[in-house]
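Student: Sharing a structure with you now.
Every number here is computed from the coordinates shown, using simple stated rules; none is lab data. From a predicted model like this one, the values you see are computed outputs, not experimental measurements. Note that we place each Cβ from the backbone using ideal geometry, even for glycine, and neighbour counts take in every protein chain shown.
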Amino acid sequence: MNVTKRILVFVLMAAFQVGVLQAQDQADITQQLSERYTSLTVMKADFVQVATSDFLDAPERFSGSLTFGGSGYRVETGSQSIITDGTTMWIYNRSQNQVIINDFVEDEYSFSLTTFLRQLDEDFTVTSAGVENRSGQVHDMLDLEPNDEFASFRQVRLGVRRSDGLVTWLKVIDLNDVEMVFDLSNIRVDPPIPDDLFRFEPPSGVEVVDLRG
């Protein structure tokens, strides 16, 4: 599984300033977070992802936009589009002028951010990591320890913006010690979207590789 596909999991950035701020109760934050993401139907955001590892020659940086809604999502980067409606997945690689079509299979690298946050209490033991001032906004920080010893991620830390209860920053360390830091910006909750946003029609002249059973 390459690092690019892990964009589908979360999204975040690294530089921050620690402020002397009063932390909220961790249980209250967790409950509010779950309720916040359970109530929304669609979320759109811009993102930057930076991955670092001893196995990488240099940090890998990706940026783009993402939209989650129901069982579908759409991730757009400069070179690639990844779209699913929950049944079919399309991966459009512009540089190769190719679209790969396959049956969508939900795995540890493809579940949506909204699903992840709705199930915090079930999947993780959550503890407070204090408060940080990020870009002039108060963020409550949470450390998440997976309850499943076979989970794909060893450590997760996320920043919840106190003003609206949205996650804007997240750091993940996977089982291979790859550290992924994501920064979400320009977050829009329940914006209008086209009916066909989570489907993809290959452009004329593009090679189509259909792997569906």
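Student: For segment 52-67, in order, what is each residue's ³J(HN,Hα) by Karplus, 6.51 cos²θ - 1.76 cosθ + 1.60 with θ = phi - 60°, in whole Hz (x at glycine and Pro)?
Tutor: 10, 6, 5, 8, 9, 5, 8, x, 9, 10, 10, 8, x, 10, 9, 9
Student: Calculated FRET efficiency, residue 105 and residue 135, Cβ-Cβ r, R0 41 Å, to nearest 0.05?
Tutor: Efficiency at R0 = 41 Å is approximately 0.65.
Student: Decide, for segment 118-213, between rounded, prolate and oblate: order the square roots of the alpha carbon gyration tensor eigenvalues as a ≥ b ≥ c, take rounded if a/c falls under 1.5, and otherwise choose prolate if a/b is larger than b/c, else oblate.
Tutor: Verdict is oblate for segment 118-213.
Student: Each residue of segment 131-138 in order: what ³J(HN,Hα) in whole Hz does its phi give by Karplus 6.51 cos²θ - 1.76 cosθ + 1.60, θ = phi - 60°, with x for Gly and Pro?
Tutor: 10, 10, 9, 10, 6, x, 10, 6
Student: Still on this structure, please answer the following. At what distance in nm do the modelled label points of residue 98 and residue 38 sit from each other, each positioned 7 Å from its Cα along Cα→Cβ?
Tutor: Result: 4.4 nm between the two label points.
Student: DSSP loop (so not H, G, I, E, B), at most 13 other Cβ within 10 Å: list which trypsin sites (Lys or Arg not before Pro) in segment 180-213 pass both filters.
Tutor: Counting only loop positions with at most 13 other Cβ atoms within 10 Å, the trypsin sites (Lys or Arg not before Pro) in segment 180-213 are 212.
Student: Here is a follow-up. Can you put 140, 177 in order, fewest other beta carbons within 10 Å first?
Tutor: Going from sparsest to densest Cβ surroundings: 177, 140.
Student: Follow-up question, since we're still on this one. Report the gain in length on full extension from residue 185 to residue 60: 0.36 nm times residue separation, minus Cα-Cα distance, nm rounded to one decimal.
Tutor: Once the chain is fully extended between residue 185 and residue 60, it gains 43.1 nm.
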